[in-house]
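What follows is one structure encoded as structure tokens, with my remarks underneath.
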Amino acid sequence: MVDIEGLGSTGLFSRKSKVHELTKDVHMLQYWSNICIFETDGGVLIYDIGFEFYGPQILEELRKITDKPVRYIIYGHGHADHAFGAQAIINEAAERAYPRPIIIAHRNLPLRFDRYRHMLAYHAHINSIQFEIPDNLPGFVQNYIYPDLTYDYSMQLQLGSRTFLLNHNMGETDDTTWMWAPETKIAAVSDLWVWSCPNVGNPFKVQRYEIEWAQGLEAIAGREPDFLLPGHGPPITGRKEIINACTTVARALRFLHDQVVHMLNQGKWQEEILHTFEWPDEFQKSPYLQSIYGHPYFIVKAILRRYHGWYDGNPSHLFPTRSTDIAKEIVGLLGDPKKLLDRARVLKEGGEQQLALHLVDLVVESGSGDQYEEALKLKIDLLNALAECEPSLIARNIFKTGARRVGKK
Ligand SMILES: [Zn+2]
């Protein structure tokens, strides 16, 4: 058993928790991802259950709060950090002769589990980059506990004297459930709220849903909650702030969506759209939209992918030659690849790391010559320099992992 405490640059494996007491019978455990515990006179409901390795600690914290049986576990969505920690609670229920908790999720969630199980190696590979997971750790979960019950559009639960409304909403995933607890005016929303620019257009993952995400946030704001329990980060309290937070992010998503649609209607191609879309100061400076995880550029990519094929408008790129063959031609014509590296160093000094990378890549991809090793070193420096000033965790980890793997397949 590897000790995973503190490993990885993302805090992903940290077991440090903070317990938030929202009301006397509603608590939120804040780890890397959050777990929401609702105590009622009919037992306990848990919304989102974290990583598999959180299980024993969730149980320990739960039992400091109440001895009541857990009757329901709701998966907010089917990602590894939200739907995998139930085993410890199921085992405890058997030991105490409590009824087995009933696990509920949206009907798309089991399909997601099926897909993950068919593509374990692939997901381990991409997550090792996205989260900069050390090589000696498993990159993806293995133990799948499927829901006992699924629903389609919405579902109402009664537990003791408390009501819970489950609402399906596409957003970061197609299987998200946000939950409304009317008596306490609490919205538990999983990754519909993550204290970051929404993670639409993740470079590794399947399509995500910006307009539906905006609609979900507007529906949550429409309930006028007193507490909003997010998938990650601290809760938001106070009706005014919650409405402002939700509607600001919804407006930003709609703003990007409408811009891309407008530019597509003007006949613009992907490159021009990606280099000219606007991200106004209001959004750039908003504490709700910092690009610490998702990124507006990624969102635009996702909107393009949603409405547009992969053709970029240049027929030269329809059946392109391998980049290594193009690089060999260019470097061969130049005669001296050192010219490219010298120019790349000048660009680097001027803060143009990205442009410099394109020049260095020509030498790296031409794959030979006495400048090859130099080019690899310069590429590592450039990627590390980009990582250092990159706020988005996903982009930063791609640069950092890329730097570590330069020259390796
Ligand atoms: Zn999450």
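All of the numbers you see were taken from the coordinates with simple rules; none came from a lab. What you see is a predicted model; the values in this text were computed from it and never measured. Please note: Cβ atoms are built from the backbone with ideal geometry, for glycine as well, and neighbour counts cover all protein chains shown.
In the elastic network of the chain, a GNM with C-alpha springs shorter than 10 Å, the most mobile of 381, 336, 175 is 336.
Only helices enter the 222 nm calculation for the chain: every DSSP H run of n ≥ 4 contributes -39,500 (n - 2.57), and dividing by all residues gives -13000 deg cm²/dmol, rounded to 500. Mean-square fluctuations from a GNM of the chain, with a 10 angstrom spring cutoff on Cα atoms, peak among 349, 60, 172 at 349.
The alpha carbons of the range 18-191 occupy a box of 46, 34, 29 Å along the principal axes, longest dimension given first. The base-10 log of I(q)/I(0) for the chain, evaluated at q = 0.10, 0.14 Å⁻¹, reads -0.75, -1.28 [Debye formula, identical scatterers on Cα atoms, solvent excluded].
Does the range 266-332 classify as rounded, prolate or oblate by the C-alpha gyration tensor (a ≥ b ≥ c root eigenvalues; a/c under 1.5 gives rounded; else a/b over b/c gives prolate, otherwise oblate)? Here the range 266-332 falls in the prolate category.
Can you classify the range 257-377 as rounded, prolate or oblate using the Cα gyration tensor, where a ≥ b ≥ c are the square roots of its eigenvalues, rounded means a/c under 1.5, and otherwise it's prolate if a/b beats b/c and oblate if not? The partial results should precede the final answer.
Working: a/c = 3.04, a/b = 1.63, b/c = 1.87.
Since a/c reaches 1.5 but b/c is at least a/b, the shape of the range 257-377 is classed as oblate.
Mind checking the full-extension length gain between residue 206 and residue 329? Use 0.36 nm per residue of separation minus the Cα-Cα distance, one decimal, nm.
Working: separation 123, 0.36 × 123 = 44.28 nm, distance 3.52 nm.
Full extension from residue 206 to residue 329 adds 40.8 nm.
Helix 353-366 and the long axis of the chain differ in direction by around 70°, with both axes built from C-alpha atoms. With Rh defined as the Kirkwood radius, the inverse of the mean 1/r over Cα pairs, the Rg/Rh of the range 321-405 is 0.99.
Peptides 320-333, 254-267, 223-236 ranked from most to least packed by the mean count of surrounding Cβ atoms within 10 Å: 223-236, 254-267, 320-333. Approximating the spin labels as points 7 Å out from Cα along Cα→Cβ, the residue 266-to-residue 121 distance works out to 4.6 nm. Of the residues 50, 216, 369, the one that moves most in a GNM of the chain with alpha-carbon contacts below 10 Å is 369.
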